[in-house]
Amino acid sequence: MNKTKLRLGVNIDHVATVRNARGGFFPDPTRAAKMAEAAGADGITAHLREDRRHITDKDIESLVKNLKIPLNFEMAATYEMQKIALKYKPHAVCLVPEKREERTTEGGLEVAREENKLAHFIAPLQEAGSRVSIFIAADQRQIEAANRIGAQVIELHTGAYCDLHAEGHFEERDAELKRLREMAAYADSLGLEVHAGHGLTYETVVAIAEFPELVELNIGHFLVGEAIFSGLQSTISEMRRLMDESRGLFL
Ligand code: PXP
């Protein structure tokens with residue numbers, strides 16, 4: 001058993017999703033990031049998508065200004081995003097595939113097909129001091145390609161494993177878990193730092209956190225969703241208290 005602490009990167013994208021459902025400023029992703037920091041998160045992850053559906057350019061600016069813990073800036077490999085990353089020089093840049101029509105990042109990046117282009121793309125980011133991570137499926141070809149282009153980190157996509165668990169396809173889930181475990185070990189043997197994430201929940205995190213080669217997990221959607229349930233009761237109670245106090249009704 002690896003007894004070193006696994007780093008937790010908290011993805012705050014979906015705090016921005018809730019804010020953007022109304023426009024305006026509430027809830028503020030930077031406030032959530034500061035709470036994550038206070039709660040022991042080791043880093044904050046934010047994905048600036050091409051369509052700005054959740055995190056915005058202003059959020060990135062605010063996170064860079066206010067965070068004490070490292071920012072992992074997720075982005076597509078476009079020159080628009082590269083320019084933003086070079087402006088803010090975040091601790092880490094995680095390259096993810098992006099399609100406008102998808103709801104979330106559905107698969108890993110096709111590194112093997114775009115090796116040359118990606119090698120040139122990541123060089124200035126690394127020169128600016130950002131660690132470059134590539135979000136990929138548990139696929140040996142992609143890991144080898146990520147290593148060849150000089151990435152320091154790979155992040156293994158745990159989405160398929162989590163979906164198979166949620167759908168009750170336990171045999172296939174276990175096969176995917178095995179693939180993830182083997183590929184984490186393989187990437188580590190090449191000298192890559194290994195991270196993982198996507199779709200992780202209380203139920204699915206334990207088997208993944210056991211992988212001895214893993215250094216970091218990035219988790220977002222579940223944390224933001226679960227926070228509704230752990231926080232709703234006290235939030236409603238506070239609203240009740242304020243309404244009662246306003247009418248001089250002290251309990
Ligand atoms: N890691 C990467 C590279 C991601 O793209 C995402 C989703 O933005 C996550 C981790 C977090 O996934 P989730 O929000 O499902 O926990």
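Relative to the first principal axis of the alpha-carbon coordinates of the chain, what is the inclination of helix 29-38, with its axis defined by its Cα atoms, in degrees from 0 to 90 and to the nearest 10?
With rounding to tens, the tilt is 80 degrees.
For R148 and R103, compute 0.36 nm times the residue count separating them, minus their Cα-Cα distance, and round to one decimal in nm.
13.2 nm
My understanding is that a pair violates if its Cα-Cα distance is over 23 Å; which of K68/K99; K34/K83; K87/K117; K5/K58 do that in this structure?
Flagged as over cut-off: K68/K99; K34/K83; K5/K58.
By the scheme Lys and Arg +1, Asp and Glu -1, what is the net charge of all other residues having a beta-carbon under 11 Å from that of D28?
+3
Report, to one decimal in Å, the Kirkwood hydrodynamic radius for the chain based on all distinct Cα pairs.
Taking every pair of different Cα atoms in the chain, averaging 1/r and inverting gives 19.1 Å.
Of the peptides 108-116, 124-132, how do they stack up when ordered by the mean number of other Cβ atoms within 10 Å, highest first?
Descending mean neighbour count gives 108-116, 124-132.
List the aspartates and glutamates whose Cα sits under 16 Å from the Cα of K89, skipping any in the same chain fewer than 8 residues away.
Answer for K89, where 16 Å is the Cα cut-off: D57, D59, E61, E74, E80, E127, listed by chain and number.
Mind listing the long-range amide H neighbours of R7? Cut-off is under 5 Å, sequence gap 5 or more, other chains count too, H placed in the peptide plane at 1.01 Å from N.
Amide H to amide H, under 5 Å and 5 or more residues apart or across chains, R7 pairs with E216, L217.
Relative to the longest principal axis of the chain, what angle (0 to 90°, nearest 10) does the C-alpha long axis of helix 57-66 take?
For helix 57-66, the angle is close to 80 degrees.
Return the whole-Å distance between the Cα centroid of segment 151-166 and the Cα centroid of segment 41-107.
After rounding, the separation between the Cα centres reads 18 Å.
With a cut-off of at most 12 other beta carbons within 10 Å, and DSSP calling the residue loop, which chymotrypsin sites (Phe, Trp or Tyr not before Pro) in segment 14-108 qualify? Please list them.
F25
Taking 4 °C and 1.567 mPa s as the conditions, I'd like the Stokes-Einstein D for segment 119-251 in µm²/s, using the Kirkwood hydrodynamic radius from alpha carbon pairs.
Rounded, D is 75 µm²/s.
Can you tell which of I134, P97, N66 lies farthest toward the positive end of the dipole of the chain, using +1 and -1 charges on the Cβ of basic and acidic side chains (Lys, Arg; Asp, Glu)?
Working it through, the farthest residue towards the positive pole turns out to be N66.
Highest first, please rank the peptides 228-236, 179-187, 162-170, 91-99 by the mean number of other Cβ atoms sitting within 10 Å of their residues.
My ranking of the peptides, most packed first, is 91-99, 179-187, 162-170, 228-236.
Projecting each Cα onto the charge dipole of segment 117-239 (Lys/Arg +1, Asp/Glu -1 at the beta carbon, about the Cα centre), which of A145, L217, L232 comes out farthest on the positive side?
Of the listed residues, the answer is A145.
Magnitude of the Cβ-charge dipole of segment 1-79, K/R +1 and D/E -1, about the Cα centre, nearest 20 debye?
280 debye
Which of the aspartates and glutamates could a cross-linker span from K3 if the Cα-Cα distance has to be under 13 Å and same-chain partners fewer than 8 positions apart are dropped?
E210, E213
Quick one: if you stick a label point 7 Å off each Cα along the C-beta vector at L86 and A38, how many nm between them?
Taking the simple label geometry, L86 and A38 are separated by 3.8 nm.
Given the DSSP H assignment, sum -39500 (n - 2.57) over each helix run of at least 4 residues in the chain and divide by its residue total; what's the result at 222 nm in deg cm²/dmol, nearest 500?
Roughly -15500 deg cm²/dmol at 222 nm, from the helical runs in the chain.
To the nearest Å, what is the center-to-center distance of segment 192-217 and segment 129-150, using C-alpha atoms only?
Their Cα centres are 17 Å away from one another.
To the nearest 10 degrees, how steeply does helix 115-127 sit against the main Cα axis of the chain, on a 0 to 90 scale?
The angle comes out near 60 degrees.
Quick note: the coordinates plus some simple rules give every number you see, no bench work behind them. For clarity, every value in this text was computed on a predicted model and none was experimentally measured. Backbone-built Cβ (ideal geometry, glycine too); neighbour counts: all protein chains shown.
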